[in-house]
Amino acid sequence: MTPRDQAPDVDQLARSMLRLYGAHDDDDHGHNGGGGIASKAPDFASDPTRAAAVREASLRDRERYLTSGLVSVDCRFCHVAVQVKKLGPGHTSVQWNTEALQRCAYFSEIRQSGGDSARARSCPKLTDSIKHAVAEGCLEEVSSAPSPGDG
């Protein structure tokens, strides 16, 4: 075996790259005006009223981001309820809760056979229930709810 056929020594390669490029600390770019921890936004410590308003607005934004446009859909097979939002013909967002994950007959069957239900793409019975909810008009085919970042 020639030296060309051998895998490179990783430590030697790293040392040569450090000599060539120098040591870089990608986490510290000096944007915070000289030492200390950089902050993305002011904390308004000197203005408690404004700090409370920002905190409240942030909580509302978070809640909206997590729940905007979600509709409760019951599985017609095992009667678990999940939160669903149709984002388009080929994309559906499903928010499972712990109870639904435990009670879903399809996922239980996978677990009982020794499989990992987390590896399953979806529950086919719930998929049918979502299609039925769209057909019944209980769920929009494409959600008209504003995107979470739109105000």
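Values as computed for the structure displayed
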{"read-out": "Debye-sum result for segment 69-136 in log10 I(q)/I(0), which assumes one identical scatterer on each alpha carbon, at q = 0.15, 0.16, 0.21, 0.28 Å⁻¹", "value": "-0.45, -0.51, -0.86, -1.38"}
{"read-out": "Dipole magnitude (debye, nearest 20) for segment 69-136, charges at Cβ of Lys, Arg, Asp, Glu", "value": "140"}
{"read-out": "Net length gained if the chain between residue 17 and residue 81 were fully extended (0.36 nm per residue, minus Cα distance)", "value": "17.6 nm"}
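Bear in mind that the values in this text are calculations on the coordinates, not laboratory data. Computed from a prediction, not measured in an experiment: that's the story for all the values here. Cβ coordinates were reconstructed from backbone atoms using ideal geometry, including for glycine residues, and neighbour counts include every protein chain displayed.
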